[in-house]
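Comments concern the structure below.
The values are calculated or read from the model by the stated rules, or taken from the named source; none is laboratory data. Note that the structure is predicted; figures quoted are calculated from it, not measured. Every residue, glycine among them, receives a Cβ derived from its backbone with ideal geometry; neighbour counts consider all protein chains shown.
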Amino acid sequence: MAKVAVVTGGGSGIGRATCLALARAGRDVAVLDVNAGGAEETAAKVRALGPRALPLTVDVSSADSVATGVARVRKELGPVAILVNVAGIGEFAPLMQMAEAQWDRMLGVHLKGTFHMTRACVPDMIEAAWGRIVNVASVAGLNGGGPGLSHYAAAKAGIIGFTRAIAQEFGPMGITVNAIAPGLIDTPMIRTAGAPDELYAAVVKRTPVRRLGQPEDIAVAVAFLASDDAGFTTGQVLSPNGGVHTS
C-alpha cells in the first residue's frame, strides 16, 4: 500500500505543486486547506496521476480542526507517513502599525499550525518507526525578510527552530524532520499579500538566476526530503532561493 502524505495549504501554490510531486512519487495524498474549492481541485489533479486523494477543509491554527481532519485521513486513507506543513498567510505590516491580532494570526497559522499538525500526525510515524516531516519556512526566517515582515520573519524563524529541535527528538524513532526556506516564490499568496510591483523586479535583478521561483522549484525539494533516499538527512534547512541568500 502506498504511503500516505498529508499536505497543508494544498489548495494552491507550493502546497498544490507539492501534492502533485508526491503523487508522482506514488504517495496517496490528503490535501488540507481552508479553501475547500482549492483542495478539491488539487485532489482531482492527484487522482488523475493515479494515487488516492482526500480533500479536507482544515484550519491549521485550530487544534480541534486539525484533530478532526487527521482522524478522517486515518479513517479514509490510512496512517500518516509523510507530513508537509505548507499552510501560510502573507501580508506586509510595519511594526508600529501592526495590530496584536495580526501578529497572533501570523504566528497562529505558520508556527502554531506546524505544531498542531506535527502533534496530530507523528504518533502514526512513531508506531511505524518511519516518518518524514517537511516544514516550509522562508528565507525571511534566515535574513529577516525586510520592512513590514517582522511577524512573518518571526513565524518562519520559529519554524526553523522547531524543526531542528524535533529532528533531535524524533530521529531515534526513524523520523526525519527538515525545513525548506524558499526565496520569493510566485504564488497566489504572495501576489495578494500587498507587495508593491517594484519588489518583484528588484528581487529578480539581485537574484543570480534572474527569475522568481516557481512552486515546482520547492515541490521537487520537498519530494526528495520526503523520500526513502533522504533517511540520513534531518534537522537541515534547505533554501532554494536562486542564489539571493547563501549563508
Scan the stretch 227-247 for residues that are touching a residue at least 60 places away in the same chain (Cβ under 8 Å) and at positive phi and jot them down.
-> 235
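So which residues in the stretch 120-132 are in a helix (DSSP H, G or I) and either farther than 20 Å from residue 57 by Cβ or small (Gly, Ala, Ser) (or both)?
If we filter the stretch 120-132 for residues that are in a helix (DSSP H, G or I), which is where we start, we get 120-128.
Once the filter is applied, which keeps residues that are in a helix (DSSP H, G or I) and either farther than 20 Å from residue 57 by Cβ or small (Gly, Ala, Ser) (or both), the stretch 120-132 yields 120, 122, 123, 124, 125, 126, 127, 128.
Looking at the stretch 63-71, can you tell me whether even one residue there is modelled with pLDDT of 95 or more, in a helix (DSSP H, G or I) and of a type in the set (S, T, N, Q)? If you could, list the steps in order and put the result at the bottom.
Kept after step one, since they are modelled with pLDDT of 95 or more, are these residues of the stretch 63-71: 63-71.
Going one step further and asking which of them are in a helix (DSSP H, G or I), we end up with 63-71.
Next, from what is left, pick out any that are of a type in the set (S, T, N, Q): 65, 68.
Scanning the stretch 63-71 turns up at least one residue that is modelled with pLDDT of 95 or more, in a helix (DSSP H, G or I) and of a type in the set (S, T, N, Q).
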If a residue has to be buried (at least 19 other Cβ atoms within 10 Å of the Cβ) and closer than 12 Å to residue 22 by Cα to count, how many in the stretch 44-54 make the cut?
-> 3
Can you tell me how many residues in the stretch 81-101 are part of a loop (DSSP other than H, G, I, E, B) and without any contact (Cβ under 8 Å) to a residue 24 or more places away in the chain?
-> 1
Out of all the residues in the stretch 121-131, is one or more surrounded by fewer than 21 Cβ atoms within 10 Å (Cβ to Cβ) and under 28 Å from residue 241 (Cβ atoms)?
-> no
Only helices (runs of 4 or more DSSP H) wholly contained in the stretch 143-247 count here; list those with 3 or more residues that are exposed (fewer than 13 other Cβ atoms within 10 Å of the Cβ) and out of contact with any Leu (no Cβ under 9 Å at 6 or more places or on another chain).
-> 150-170, 197-206
Please work out which residue is nearest to residue 233 (Cα to Cα), limiting yourself to the stretch 112-133 and to residues that are under 13 Å from the mean Cα position of the chain (by Cα) and of a type in the set (A, V, I, L, M, F, W, C).
-> 133
When restricted to 33, 64, the only residue in contact (Cβ under 8 Å) with a residue 24 or more places away in the chain and acidic (Asp, Glu) is 33
Select from the stretch 147-166 the residues that are closer than 16 Å to residue 86 by Cβ and either touching a Cys at 6+ places or on another chain (Cβ under 9 Å) or of a type in the set (S, T, N, Q) (or both) and list them in ascending order.
-> 163
The lone condition residue 120 fails out of (1) in contact with a Gly (Cβ under 7 Å, 6 or more places away or on another chain); (2) under 18 Å from residue 30 (Cβ atoms) is (1)
With the checklist (1) in a helix (DSSP H, G or I); (2) surrounded by fewer than 17 Cβ atoms within 10 Å (Cβ to Cβ); (3) in contact (Cβ under 8 Å) with a residue 60 or more places away in the chain in hand, flag the one item residue 78 doesn't pass.
-> (1)
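Take the residues of the stretch 16-62 that are assigned to a loop (DSSP other than H, G, I, E, B) and out of contact with any strand residue (DSSP E or B) (no Cβ under 7 Å at 6 or more places or on another chain): which is nearest to residue 221 (Cα to Cα)? Break it down into steps so the answer makes sense when it comes.
In the first step, residues of the stretch 16-62 are kept if they are assigned to a loop (DSSP other than H, G, I, E, B); the result is 25-27, 34-35, 49-52, 58-62.
Now restrict to residues that are out of contact with any strand residue (DSSP E or B) (no Cβ under 7 Å at 6 or more places or on another chain): 25-26, 35, 49-50, 59, 61-62.
Working: 25: 13, 26: 16, 35: 25, 49: 19, 50: 21, 59: 25, 61: 25, 62: 28 Å.
Among those residues, the one meeting the criterion is 25.
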